[in-house]
Each structure stands twice: as C-alpha cells, then as structure tokens.
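Heads up, the thing below is written out as structure tokens.
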Amino acid sequence: MNPMRLCWSPTSPYVRKVMIFAHETGLADALELLPKSVWAADTDIGETNPLGKVPALVLDDGTVIFDSPVILDHLDRLHGGAPLIPASGPERTRVLTLQALADGVLDAAVLCLLEGRRPEAERSADWVARQQRAIARGLDALEDAVFAFTETPDVGQITVMAALGYLDFRFAVLDWREGRPALAAWFEEWVKRPSFLATLPQDPA
Ligand SMILES: N[C@@H](CCC(=O)N[C@@H](CS)C(=O)NCC(=O)O)C(=O)O
C-alpha cells in the first residue's frame with residue numbers, strides 16, 4: 001500500500017492542526033510529508049490542490065482531499081482509538097463549531113499576516129483592524145467555550161491548540177491571554193502535550 005502523502009509546510013497552522021491530530025491518534029508515521037512553498041513564485045502546489053493551498057492529503061489511491069477539516073474527518077476513520085469527531089448529537093455540533101471558530105481566528109490572523117507582506121502603499125489599516133476585531137471576538141468566544149472542553153482531545157480543541165500556537169508564533173504582540181484567563185490556563189496545560197511539542201512551527205532558514 002502506498003503511504004498517504006501530506007502537502008506540508010513548517011509554518012502553516014492548518015498543516016500543524018493535521019499534524020497534531022496525527023500525533024494524537026498515532027497516525028504520524030503513516031504520513032509522508034511533501035514540503036511545499038506555497039508562496040514561492042514557482043510553487044507546484046496547484047498541481048495537487050487546485051486551490052493552491054496546504055494542507056492537502058494524497059491518499060494511497062491518488063485521490064486528493066482538502067481542506068483541513070475534511071482531512072481530519074478522513075483520518076478519524078483510520079485510527080483504532082476513540083473518534084476525535086463525535087458521531088452525532090449536540091456534542092458533534094459543539095466540537096465542529098469549535099473547530100470552525102478556531103479556524104476562523106486562524107483565517108483572520110493569516111489575512112493580517114498577508115496584508116503586512118504587501119507593499120506598504122497597498123496595505124489597508126481598516127482591513128487589518130477588521131481582521132483584528134474578528135480575532136478578538138473569536139478569542140472571547142473561545143474564552144466562553146472553555147467550560148465545555150474535555151480532558152481528551154477532539155478536532156475542536158486540536159484546532160484551538162493550532163490557533164493559539166499560531167498567535168504566539170506570529171502575533172505575540174496581540175497579547176491574546178490578556179482578559180482571557182480560562183483560555184490561557186487551559187492552553188498552559190495543553191502546550192505540554194507531545195503532539196504540540198512535536199509540531200512547533202519554524203520559519204525556514
Ligand atoms: N481552509 C483551509 C486553509 C488553508 C490555507 O489557507 N493554507 C495557507 C497556508 S497557512 C495556504 O496554503 N495559502 C496559500 C494561498 O492562499 O495561496 C484549511 O483549513 O486547510
């Protein structure tokens with residue numbers, strides 16, 4: 001059987017989310033990593049993912065799946081442990097909404113990062129402020145959501161790990177912990193997990 005191949009980058013928080021999931025479920029060794037520089041002018045990522053984004057997962061039969069929620073849904077059916085996406089009911093909806101919330105915080109943070117990479121004259125302070133408001137509201141909603149977090153990881157909490165890890169990596173200046181003590185206390189414990197430590201982002205040299 002061919003291994004699954006993951007279009008990967010060392011700094012993408014969505015890739016990290018997939019890798020945290022893989023470590024938590026014992027699937028990390030089942031993934032062959034294909035490094036992709038999605039922002040390079042000559043990137044070939046579009047030959048695998050028509051949207052030109054990582055992560056994308058090439059299955060053993062050559063089928064390509066994306067984006068990260070779909071990849072996690074697929075991987076959740078491949079490991080032998082308890083599912084990290086609840087099968088049904090309100091708990092499934094809560095966990096998937098938590099994933100969407102943390103993904104949305106990430107989307108806004110990535111938009112801020114990209115705006116900062118545009119030539120100065122083309123940058124919009126209003127656009128950045130709009131994204132920063134979305135990040136702040138998303139974090140406030142996460143602070144309110146912590147009471148329902150469980151002792152074991154699920155796709156929602158894994159996405160929160162990736163999102164908060166990304167804010168620390170790229171936006172330490174936002175000081176997201178300020179005014180969000182429950183979220184900060186939760187994260188302080190969860191950064192100790194081997195899955196988090198094994199997937200720390202690194203800017204390429
Ligand atoms: N919704 C997607 C987002 C993926 C995404 O935006 N990846 C970024 C890297 S952090 C990317 O490859 N961007 C390239 C581009 O937008 O052209 C997911 O959850 O997988």
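Only residues that are of a type outside the set (A, V, I, L, M, F, W, C), within 13 Å of the ligand (Cβ to nearest atom), assigned to a helix (DSSP H, G or I) and in contact with a helix residue (DSSP H, G or I) (Cβ under 6 Å, 6 or more places away or on another chain) were counted in the range 7-63, giving 4.
Checked against (1) of a type in the set (A, V, I, L, M, F, W, C); (2) farther than 23 Å from S9 by Cα; (3) surrounded by 16 or more Cβ atoms within 10 Å (Cβ to Cβ), A162 meets all criteria but (2). Please find, among A41, A28, the residue that is more than 18 Å from the chain's Cα centre (by Cα) and outside the structural domain of R117 (by TED's automatic domain parsing). Answer to the selection: A41.
Of the candidates S12, S88, S68, the single residue that is under 16 Å from V155 (Cα atoms) and crowded, with 21+ Cβ neighbours inside 10 Å is S68. Where residues in the range 167-200 are within 17 Å of A109 (Cα to Cα) and either hydrophobic (A, V, I, L, M, F, W, C) or modelled with pLDDT under 95 (or both), which of them is surrounded by the most Cβ atoms within 10 Å (Cβ to Cβ)? That would be W176. Identification of helices (runs of 4 or more DSSP H) wholly contained in the range 117-198 with 2 or more residues that are under 17 Å from R16 (Cβ atoms) and of a type in the set (G, A, S) yields 155-170.
Check the range 110-133 and report whether any residue there is of a type in the set (A, V, I, L, M) and buried (at least 20 other Cβ atoms within 10 Å of the Cβ). Steps first, answer last, please.
Within the range 110-133, the subset of a type in the set (A, V, I, L, M) is 110-111, 113-114, 121, 125, 128-129.
Among the residues that remain, those that are also buried (at least 20 other Cβ atoms within 10 Å of the Cβ) are: none.
So far as the range 110-133 goes, no, none of its residues is of a type in the set (A, V, I, L, M) and buried (at least 20 other Cβ atoms within 10 Å of the Cβ).
The values are calculated or read from the model by the stated rules, or taken from the named source; none is laboratory data. Keep in mind that what you see is a predicted model, and the values were worked out from it rather than measured. With ideal geometry, Cβ positions are generated from the backbone for all residues, glycine too; neighbour counts draw on all protein chains shown.
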